[in-house]
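Take a look at the structure below.
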Amino acid sequence: MDIAIASGKGGTGKTTLATNLASYLAEKDKVVLVDLDVEEPNSGLFINGEIVHEMDKFKMIPVWNKDCSLCGLCQEVCNYNAVLHLGVHIMVFSELCHSCYACSELCPDSALPMKPKKMGRLKHLQHGKLSFVESRLEIGQEQAVPLISQTKKYINENFYQEIIRIYDSPPGTSCPVIEAVKDVDYVILVTEPTPFGLHDLKLTVEMIRKLDKRYGVVINRFGIGDEGVSTYCREENIAVLAKIPNRRAIAELYSRGELVYKHFNDVKEQLDLIIRSFDQLVVGESV
Amino acid sequence: MKEIVIISGKGGTGKTSLAAAFAYLGGTDIVTADCDVDAADLHLLLQPEVKKAEDFYSGQLARIDQDLCNQCGCCEEVCRFDAVKFLNGKYSIDTLGCEGCGYCSHVCPVGAIPMEENNVGEWYISTTKVGSTMVHARLGIGAENSGKLVTKVKNEAKKIAEEKDLDFVLVDGSPGVGCPVVSSLSGADFVILVTEPTVSGLHDLIRVHQLVNKFKIRVGCIINKADLNLKVTSEIKDFLTQEKIVHIGDLPYNDIFTNAMVNGQTIIEYDQNGLSAIINVSWKKIKKLQQGDN
Ligand code: SF4
Ligand code: SF4
């Protein structure tokens, strides 16, 4: 079962929930935790483990081999201005390239073969029953989506779908998060009971509905702020799966990179509530 | 005119609350630009009244004209993004998957795939509650090219600041290290990094600073929630010294950020005492740093 943990706004506790939930589940069962927030991958700071596998990840970009008639078709077909025909040169701007292959495959002289260029690095760790996979975008690479999709591919090739696979997703509602959540079975939206939290939650709900996914909300830092998020969820019939209390001691544990549920039973109870809602999902599927 | 950009790498560090406080202090001397177009929240505190709204088009999307399509399937073969779907005997484009590369359109033998301009959002010019101009935007769900919308918002803000001969454009930047942040940073004169003393905060600070370094912009840093973890705070300070980043100020871990937000207020309006005073001093410091290189 694939479960994404997402939030419109950053810093709402997405990573806290993902790491605590995965580690807690892994006390009993095999679990995979995947950090798809490739721009700022933080889950790894909370997980220790032994390295199973590490590899560079590449995206394909055209490289000019100089052996061409300079017809300029490549520049014409590239919709991202990533290829420039300048005098007797063809220049490729790899940061702008979306790897669509159009210039390469339409080139009459086959002068723009696609070659790999490093965009990031994937790491796979093991800690007890918990498998942890993260990818990290090279600084200067601007597109997160190809790295996210390759990381998902790695997961599908290396782990069975039967076990719980948790994806810590990038923040926002644009292309990277869509790539992260579009194939999962269930999405947990983490929010804060504040006006910013509510505003961004509404945008995220709109996105999840557009993708037609099943989802529920976890309210983090419960007790601070106002009633807005709870009222909204009630009015929209959105399941609130759990409420993680607002507590300075939790923020302190987080600041040190420690798991919270190990210290607070009430947090563990909230995780149990979330896990129980997964069980219902599985039952729901088999009917 | 100087362009000051506030970014944080990691979310939840209080970046937007600080941006709003600075915008409040700057009053009508500045133009504010909300470039966090993906999760734009600044308007919740500055309560702008929209004066002008415009659609924003960026990139293209493919559409298959069913009357012309002869079902050859060439489009499906070339699309690297699995965006051409064959459903109920018809080819169609999955608009969330389509990257707008136009390859399918090029190879379609009967010209059945027009590429259409993609409406990715809306942008606004507004007047904030302090009477200053604010440029902001709303990105459509699942839209691409948020970087281009960021550039649009920023350029409009700069244009207005120049026309009115104002001193500063204050930019609330995007999270992460990808294309929207790169667009937020390009052309900036000064960057304020807002961080927090957590292992994630420090980790993201180092990453986003690596990115800022590529632009050769001067950098200052504000440590929010500085008393949450004194050990990490001192690690952050060491990092600032080592990288020659100006340490602008420290703020304590405090619920006032949230309480002010609940009231739809900036911190300056909500809390006239401690926090406001620190932010005031920080803002003066930031302004002074801008004069240095004139
Ligand atoms: S592969 Fe596509 S995006 Fe990349 S340079 Fe060629 S035409 Fe442009
Ligand atoms: S424009 Fe490009 S991405 Fe969109 S459907 Fe056509 S080939 Fe695929």
Relative to chain B, whose Cα atoms define the longest principal axis, helix B:146-163 and its Cα axis are tilted in degrees, nearest 10, by 50
Which cross-chain or sequence-distant (5 or more) residues have an amide H under 5 Å from the amide H of residue A:167, H modelled 1.01 Å from N in plane?
A:3, A:4, A:5, A:34
With every protein chain kept in place and a 1.4 Å probe, the range B:181-245 has an accessible area per residue in Å² of 37
How far, in degrees from 0 to 90, does helix B:199-215 lean away from the longest principal axis of the Cα atoms of chain B, to the nearest 10?
70
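Which order do the peptides B:222-230, B:14-22, A:83-91 take when ranked by the mean count of other beta-carbon atoms within 10 Å per residue, highest first?
On the way: B:222-230: 21.2, B:14-22: 26.7, A:83-91: 13.3.
The most tightly packed comes first, giving B:14-22, B:222-230, A:83-91.
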To make sure I understand the rule: partners must be aspartates and glutamates, Cα under 20 Å from the Cα of residue B:2, and not fewer than 8 residues away in the same chain. Which ones qualify?
B:29, B:34, B:36, B:156, B:162, B:163, B:165, B:167, B:172, B:189, B:293
How far is helix B:274-291 tilted, in degrees, relative to the longest principal axis of the Cα atoms in chain B, given as a value from 0 to 90 rounded to the nearest 10?
70
Over chain B, what is the relative contact order in percent, taking alpha-carbon pairs closer than 8 angstrom and at least six residues apart?
27
Whole-angstrom Cα spans of chain B along principal axes, big to small
71, 42, 39
Round to the nearest 0.05 the FRET efficiency obtained for residue B:159 and residue A:29 when R0 = 56 Å and r is the Cβ-Cβ distance.
0.45
Going down the table (B:244/B:285; B:15/B:214; A:115/A:182; B:10/B:288; B:10/B:158; B:129/B:284), which pairs top 19 Å between alpha carbons?
B:15/B:214; A:115/A:182; B:10/B:288; B:10/B:158; B:129/B:284
Residue by residue through the range A:246-259, which ³J(HN,Hα) values in whole Hz follow from phi under the Karplus form 6.51 cos²θ - 1.76 cosθ + 1.60 (θ = phi - 60°), with glycine and proline marked x?
7, 7, 4, 4, 5, 4, 5, 4, 4, 4, 8, x, 9, 7
Give me the number: length gained by fully extending residue A:231 to residue A:70, i.e. 0.36 nm times residue separation minus the C-alpha to C-alpha distance, one decimal in nm.
51.7 nm
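How do the peptides B:106-114, B:64-72 rank, highest first, by the average count of neighbouring beta carbon atoms within 10 Å per residue? Don't skip to the answer; put the middle values down first.
Working: B:106-114: 16.2, B:64-72: 12.7.
Highest mean packing first, the order is B:106-114, B:64-72.
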Given the Cα-Cα distance of residue A:86 and residue A:263 and 0.36 nm per residue of separation, how much length would full extension add, in nm?
57.4 nm
From other protein chains only, count the Cβ atoms within 10 Å of every residue's Cβ in B:106-114, then give the mean.
1
No Cys partner within the rule (Cβ under 4.7 Å), chain A:
A:68, A:71, A:78, A:97, A:107, A:175, A:233
Centre separation in Å (Cα based) which lies between the range B:50-90 and the range A:208-280:
38
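Within the range A:216-258, report the trypsin sites (Lys or Arg not before Pro) that DSSP leaves as loop and that have at most 13 other Cβ atoms within 10 Å.
Sparse-neighbourhood loop trypsin sites (Lys or Arg not before Pro): none present.
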Nearest 5 is fine: what % of DSSP beta bridges in chain B come out antiparallel, could you say?
45
Place a label point 7 angstrom from the Cα of residue B:29 along the Cα-to-Cβ direction, then list the residues of the range B:263-282 whose backbone nitrogen is under 13 Å away.
B:280-282
Can you order the peptides A:271-279, B:5-13, A:93-101, B:187-195 by their average number of other Cβ atoms within 10 Å per residue, highest first?
B:5-13, B:187-195, A:93-101, A:271-279
Shielding by partners for B:175-187, please: the mean number of other protein chain Cβ atoms within 10 Å of each residue's Cβ.
5
Please get the size of the charge dipole for the protein assembly as shown, origin at its Cα centre, with Cβ charges of +1 on Lys and Arg and -1 on Asp and Glu, quoted in debye to the nearest 20.
1060
Just report the Cα centroid separation between the range A:131-189 and the range B:187-229, whole Å.
25
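With a cap of 15 neighbouring Cβ atoms within 10 Å, and only residues DSSP puts in a loop, list the chymotrypsin sites (Phe, Trp or Tyr not before Pro) found in the range A:1-91.
none
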Once the dipole of the protein assembly as shown is set up from charges on Cβ (+1 Lys and Arg, -1 Asp and Glu), the residue from the list B:13, A:204, B:101 lying farthest towards its positive end is B:13
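Peptide B:210-221: average number of partner chain Cβ atoms within 10 Å per residue? Don't skip to the answer; put the middle values down first.
Details: counts 3, 3, 1, 1, 2, 0, 0, 0, 0, 0, 0, 0.
What the average comes to for B:210-221 is 1.
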Could you work out the relative contact order of the range B:149-251? I mean the mean sequence separation of Cα pairs under 8 Å and 6+ apart, divided by the number of residues, in percent.
23
For residue A:127 the rounded accessible area (nearest 10 Å², probe 1.4 Å, non-protein molecules ignored) is 110
At 7 Å along the Cα-to-beta-carbon direction for both residue B:86 and residue A:209, put a label point, then send me their distance in nm to one decimal.
3.5
Distance in nm between residue B:55 and residue A:280 label points, each 7 Å along Cα→Cβ, equals 4.2
Relative contact order of the range A:141-287, pairs being alpha-carbon contacts under 8 Å that are 6 or more residues apart, as %
16
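The values are calculated or read from the model by the stated rules, or taken from the named source; none is laboratory data. These numbers were taken from a predicted model, which means no experiment stands behind them. Backbone-built Cβ (ideal geometry, glycine too); neighbour counts: all protein chains shown. Just so you know, the surface numbers come from the protein's heavy atoms only, side chains and all, with ligands and any DNA or RNA stripped out. Shrake-Rupley method; radii C 1.70, N 1.55, O 1.52, S 1.80 Å.
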